[in-house]
Amino acid sequence: MTDSDGVAPLSRGSAAETPPRVWEVAAPPAADRWWRRYEYLGAGVFAILLLALGALTINGHYRFDDVNLYHRYALSFWNGAPRFHQLPLEYPPLAIVPMTLVFLPPLNYVWVYGLWMSVAALAGFLLVARLTSWRNAAVYGAYLLVGATGTLLGRYDIVPAVATVAALWAVRRGRFRWAYSALAAGVLLKLYPLLLLPVILIEHRRQLAQWSTSGDESRRPPWSGMARPVRLAATSFGAVIASGLLVPALLAPGGWTSPYAFALQRPIQVESVPASVLWLVSFLGFPVHPDHSFHSFNLVGGLDTELKVLSLVALAAGCVWVYFRQASGRLSVGRAAFACVCVVIATSKVFSPQYIMWVLPLAAMEEGPDLQWLAIAALTTAVFPVTYLHDNLRGPAPAAYSALLLALVTARNALFVQATWRAIVRSAPAPPIAITVAGRALRQRRMPA
């Protein structure tokens, strides 16, 4: 009999009655924990900088609009008639949870929401520090402050990003139940973590395989036995997601599909990679023109339909390539997750400025200090809010976008595509699994066939 992580309990009278997880790395000696002082110091500095960011930006242009929208959605859900039946139009069902934070406590909801997002960003800082190093956590903080200046405290995208990091933290420790739970929460907040499910499944199977073959060859279980916990985990994950979709379907039968219809019907957003391609081909005579719909500024033209199809093909091909390289041992689970999120953003027809928060924690963890990612972050802020404010992009679409805006977007996107390619092709093999004394006792018993 196995637990949900696919590890059978020790029999009575074995070497260790309550062993730690086989793959859990022991805590370093006290003498080696000097870095924690820097971690806590860095967390304090990051918290102060977040408060400074709020003081400088939270009441400025473009920071207020989405929080107002969240406030209206939360009011409609909790106080509408009937209650609990009016869900957000363009967001997955669990998004109502971070939106409800505008009421806790019942003060100025813009500041309250900004403080909650600061807490989420700080939690991400601590997770990155524990998962990698305090230096990478400092890089994470710098990337966020540079690249998400106009969106960090006014959008909820930092929450699914932290959920993704939490899932990787659980995977690192072999606690797959928690990993799948964190990933499911991310999917119900934003859809993109769904494409990380194969990454965790591959790592789950790899850990089971490496653990099972590290001991007596005569006790090696068949591959089917190793795959059973993975299949069970995938089934349980699907059940959680289905339950998360069933509840809104029962609460709002006529509108629970609106977030997915909203995503499918959106045109090419002006900051996306396909929009940069569309702008470049306009120099060859293909007409393009601005558009404002679906709460975003867009770029439409004669080739936008073909580019939408190509972006979907590129998304599928890129993710499959990442999964293949991970399954063949060329990518670690962290690098595979990083590469997969890069592919999702690079191939999407929408690259809203807050999407950069999805990838920056993973970039800090996998790349560390990197000038290219710092440039991507800086150019993202140069586009929004700086150039948006300079060009007064509010309300209806302008007659034409400025060359400055389109050039900055294209430069950022070119760097992002190159960084995506580098994330995929740069090998980072999965590290061997640490086997503890308890692990050696565990591997003596037979896994179920």
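Residue count for the range 369-391 satisfying the condition of being closer than 20 Å to residue 53 by Cβ, among the polar types (S, T, N, Q) and either in contact (Cβ under 8 Å) with a residue 40 or more places away in the chain or touching an Asp or Glu at 6+ places or on another chain (Cβ under 8 Å) (or both): 2. Please verify whether residue 150 is at positive phi and buried (at least 19 other Cβ atoms within 10 Å of the Cβ), treating the condition exactly as stated. The answer is no for residue 150. For the range 151-159, check the following and say yes or no: at least one residue is touching a helix residue (DSSP H, G or I) at 6+ places or on another chain (Cβ under 7 Å), of a type in the set (A, V, I, L, M) and in a helix (DSSP H, G or I). Yes; the residues of the range 151-159 include at least one that is touching a helix residue (DSSP H, G or I) at 6+ places or on another chain (Cβ under 7 Å), of a type in the set (A, V, I, L, M) and in a helix (DSSP H, G or I). Within the range 90-104, the presence of a residue that is at pLDDT below 95 and over 22 Å from residue 163 (Cβ atoms) is excluded. Of all residues in the range 301-327, those that are surrounded by fewer than 17 Cβ atoms within 10 Å (Cβ to Cβ) and among the polar types (S, T, N, Q) total 1. Selection of the range 258-287 for residues being farther than 13 Å from residue 304 by Cβ and surrounded by fewer than 17 Cβ atoms within 10 Å (Cβ to Cβ) yields 258, 260, 261, 262, 263, 264, 280, 283, 284, 285.
Does residue 338 qualify as being under 20 Å from the mean Cα position of the chain (by Cα) and in a loop (DSSP other than H, G, I, E, B)?
no
Screening the candidates 139, 146, 171 for the property of being in contact (Cβ under 8 Å) with a residue 24 or more places away in the chain, under 22 Å from residue 361 (Cα atoms), touching an Asp or Glu at 6+ places or on another chain (Cβ under 6 Å) and assigned to a helix (DSSP H, G or I) yields one hit, 171. The numbered conditions (1) surrounded by fewer than 22 Cβ atoms within 10 Å (Cβ to Cβ); (2) over 18 Å from residue 417 (Cα atoms); (3) at pLDDT 95 or above; (4) in contact with a helix residue (DSSP H, G or I) (Cβ under 9 Å, 6 or more places away or on another chain) are all true for residue 290 except (4). Here 371, 389 are screened, and the one residue that is over 29 Å from residue 337 (Cβ atoms), surrounded by fewer than 22 Cβ atoms within 10 Å (Cβ to Cβ) and among the aliphatic types (A, V, I, L, M) is 389. Within the range 295-310, the set of residues being out of contact with any helix residue (DSSP H, G or I) (no Cβ under 7 Å at 6 or more places or on another chain) and part of a loop (DSSP other than H, G, I, E, B) comprises 295, 302.
Of all residues in the range 316-334, those satisfying the criterion of being of a type in the set (A, V, I, L, M, F, W, C) and either touching a Cys at 6+ places or on another chain (Cβ under 7 Å) or touching a residue at least 60 places away in the same chain (Cβ under 8 Å) (or both) are 319, 321, 322, 327, 331, 333. Within the range 244-279, the set of residues being outside any loop (DSSP other than H, G, I, E, B) and at pLDDT 95 or above comprises 269, 273, 274, 275, 276, 277, 278, 279. Just one of the numbered conditions (1) surrounded by fewer than 24 Cβ atoms within 10 Å (Cβ to Cβ); (2) in contact with a Phe, Trp or Tyr (Cβ under 8 Å, 6 or more places away or on another chain); (3) of a type outside the set (Gly, Ala, Ser) is not true of residue 169: (2). Taken together, the residues in the range 93-135 that are free of Cβ contacts under 8 Å to residues at least 12 places away in the same chain and in a loop (DSSP other than H, G, I, E, B) amount to 4. Residues in the range 328-348 that are crowded, with 24+ Cβ neighbours inside 10 Å and among the charged types (D, E, K, R): 335 alone. Residues of the range 381-417 that are of a type in the set (Ser, Thr, Tyr), assigned to a helix (DSSP H, G or I) and in contact with a Ser or Thr (Cβ under 9 Å, 6 or more places away or on another chain): 381, 387, 410.
All of 430, 397 fail the test of being touching a strand residue (DSSP E or B) at 6+ places or on another chain (Cβ under 8 Å), buried (at least 19 other Cβ atoms within 10 Å of the Cβ) and modelled with pLDDT under 95, apart from 430. Residues in the range 137-194 that are hydroxyl-bearing (Ser, Thr, Tyr) and within 22 Å of residue 412 (Cα to Cα): 140, 143, 149, 151, 192.
When the range 349-359 is limited to residues that are of a type in the set (A, V, I, L, M, F, W, C) and surrounded by fewer than 24 Cβ atoms within 10 Å (Cβ to Cβ), the one that is farthest from the chain's Cα centre (by Cα) turns out to be 350.
The values are calculated or read from the model by the stated rules, or taken from the named source; none is laboratory data. All of these numbers come straight from a predicted model, not from anything done at the bench. Backbone-built Cβ (ideal geometry, glycine too); neighbour counts: all protein chains shown.
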